[in-house]
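K.L.:
My structure is below; once you've seen it, I'll send some questions.
Nothing in this text is a laboratory measurement; each read-out follows from the coordinates by a stated rule. Note that the coordinates shown come from a computational prediction; the quantities given were computed from them, not determined experimentally. Cβ sites come from the backbone with ideal geometry, for glycine too, and all protein chains shown count toward neighbours.
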Amino acid sequence: MNGEIRAKVFEGAKIPDHLKPSDPRFGCGPSLIPILHVENLLKTGHQYLGTSHRKLAVRNRVKEIQEGLKKYFNAPEDYSVILGNGGATLVFDMVALGLVEKKVTHFTCGEFSEKWFQSSQAVKWISSEQIKKGVGEGNNGYDVLSSDVICVTLNETSTGVQMSELPKVHSQAILCVDATSGAGQCPCDLSAVDFYFFSPQKVFASDGGLWIALLSPKARARALKIAEDKSRYIPEMLSFKQAIVNGEQNQTYNTPALTTIFLLNEQIKLMNNLGYKKVQEMAKEKARHIYSWAESKEYLSPYVKDEKFRSVAVATINVDEKYDVGTMIELFEKEKVAYGIDAYRKLGKNQFRISLFHNITISDLKKLTDLISHLIEN
Ligand SMILES: Cc1ncc(COP(=O)(O)O)c(C=O)c1O
């Protein structure tokens, strides 16, 4: 079918009221922020926004975030929680500059894991190795004896591939996990990870611009040792030492967005009320729904073929070329029914990429899948 004919398929289609989700935000980040959390922010009145991040109103919330995350992930007592400005992308550079002694191995399978590898490769005084799988395939990683840092991506947001298990690495190696879009929802035993980091605009339903990390004593010691090596220049913004020192005082190195901190803390409290196990069960239920829907329709198929790598946080669903996903998405956006469900831009597939993040309810997800089927079948 040529573009012109395909474009007409959903033009002027009517959206039945009973199939409209209660919230249109199905994007993979920035993600659905509960209105209640924004209302709670408003309630702080003169006591929070516009106050200093070096004072208690903000520092207490940072402390709650640090304690709340350790509780949520059941992290070992001696792990630290640190945070800073710049998002997960900045952490890519921090790892290469401040955690790798001689050699790093990256296990990649899509856009974000690839980008992380490229950040390491740009640092010429370390050696960077890439062990690559194709897009849509999983890559759990394995131990590489010659490497002192092993990097894996818990949930490859570009393709909807999650790791099915963590690699066990040798005692001198630091296992780093970019958990950005899977953090809090995809299974991961924190006690087996040395450096687990994420940005909060995904499952943790905050705004972007911040990074948060849980750090084992081994990773902490490595970072502090490298910081002592005066032959290595590490900009202060990228310094683990700064992040560790400030983290101990419930602060960031430079001024953070206070809204981001507030919303993150609200979401951690909400998720702690349920617990990591329950949140994962809820995510699994949504994943079961969306993948079985995709398998039950002859015009759909899950993009990730190997079931064990299908993400419980980001679902990618291929659609028969006869039906142009682009025009359906335009219709959804125009009618304010669903936002942000297009395929990852560089993947270029006739595909939906739908977030299964915690705040998206199963009933809204069912409405969305029923709506898509309704439009295609009628
Ligand atoms: C897996 C993964 N890593 C890293 C990033 C980059 O995060 P940020 O844009 O907050 O730097 C993203 C963003 O979507 C991501 O999905």
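K.L.:
Please specify each residue of segment 158-183 satisfying the condition of being out of contact with any helix residue (DSSP H, G or I) (no Cβ under 6 Å at 6 or more places or on another chain), within 16 Å of the ligand (Cβ to nearest atom) and in a loop (DSSP other than H, G, I, E, B).
P.N.:
Of everything in segment 158-183, those that are out of contact with any helix residue (DSSP H, G or I) (no Cβ under 6 Å at 6 or more places or on another chain), within 16 Å of the ligand (Cβ to nearest atom) and in a loop (DSSP other than H, G, I, E, B) turn out to be THR159, GLY160, MET163, ALA179, SER181, GLY182, ALA183.
K.L.:
Further question: Filter segment 196-221 down to the residues that are in contact (Cβ under 8 Å) with a residue 60 or more places away in the chain, away from the ligand (no atom under 11 Å from the Cβ) and surrounded by fewer than 24 Cβ atoms within 10 Å (Cβ to Cβ) and list them by number.
P.N.:
Of everything in segment 196-221, those that are in contact (Cβ under 8 Å) with a residue 60 or more places away in the chain, away from the ligand (no atom under 11 Å from the Cβ) and surrounded by fewer than 24 Cβ atoms within 10 Å (Cβ to Cβ) turn out to be SER216, PRO217, ARG220.
K.L.:
Check off (1) more than 16 Å from the ligand (Cβ to nearest atom); (2) within 26 Å of SER147 (Cα to Cα); (3) not in a helix (DSSP H, G or I) for ASN250 and give me the number that stays unchecked.
P.N.:
Condition not satisfied by ASN250: (2).
K.L.:
What number of residues in segment 12-61 are of a type in the set (D, E, K, R) and in contact (Cβ under 8 Å) with a residue 24 or more places away in the chain? Explain how you work it out, then say what you get.
P.N.:
If we filter segment 12-61 for residues that are of a type in the set (D, E, K, R), which is where we start, we get 14, 17, 20, 23, 25, 39, 43, 54-55, 59, 61.
Those left that are additionally in contact (Cβ under 8 Å) with a residue 24 or more places away in the chain: 20, 23, 25, 54, 59, 61.
Qualifying residue count for the region: 6.
K.L.:
Can you confirm whether segment 125-137 contains a residue that is among the small types (Gly, Ala, Ser), crowded, with 20+ Cβ neighbours inside 10 Å, free of Cβ contacts under 8 Å to residues at least 40 places away in the same chain and part of a loop (DSSP other than H, G, I, E, B)?
P.N.:
no
K.L.:
Yes or no: THR51 surrounded by 19 or more Cβ atoms within 10 Å (Cβ to Cβ), on the phi < 0 side of the Ramachandran plot and away from the ligand (no atom under 16 Å from the Cβ)?
P.N.:
No.
K.L.:
Tell me the residue from PHE10, PHE92 that is in contact with a helix residue (DSSP H, G or I) (Cβ under 6 Å, 6 or more places away or on another chain) and in a loop (DSSP other than H, G, I, E, B), please. Spell out the reasoning first.
P.N.:
On the way: PHE92 fails: in a loop (DSSP other than H, G, I, E, B).
Checking each option against the conditions leaves just PHE10.
Per-residue answers, yes or no, for (1) more than 12 Å from the ligand (Cβ to nearest atom); (2) among the small types (Gly, Ala, Ser); (3) assigned to a loop (DSSP other than H, G, I, E, B):
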{"site": "ASN60", "(1), (2), (3)": "yes, no, no"}
{"site": "GLU64", "(1), (2), (3)": "yes, no, no"}
{"site": "GLY68", "(1), (2), (3)": "yes, yes, no"}
{"site": "GLY84", "(1), (2), (3)": "no, yes, no"}
{"site": "ALA96", "(1), (2), (3)": "yes, yes, no"}
{"site": "HIS106", "(1), (2), (3)": "yes, no, no"}
{"site": "SER119", "(1), (2), (3)": "no, yes, no"}
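K.L.:
Scan segment 123-143 and tell me whether some residue there is within 10 Å of the ligand (Cβ to nearest atom) and out of contact with any Ser or Thr (no Cβ under 6 Å at 6 or more places or on another chain).
P.N.:
Among the residues of segment 123-143, not one is within 10 Å of the ligand (Cβ to nearest atom) and out of contact with any Ser or Thr (no Cβ under 6 Å at 6 or more places or on another chain), which makes the answer no.
K.L.:
Same structure, new question: In segment 184-195, which residue that is away from the ligand (no atom under 16 Å from the Cβ) and free of Cβ contacts under 8 Å to residues at least 40 places away in the same chain is surrounded by the fewest Cβ atoms within 10 Å (Cβ to Cβ)?
P.N.:
Taking the candidates together, the pick is ASP189.
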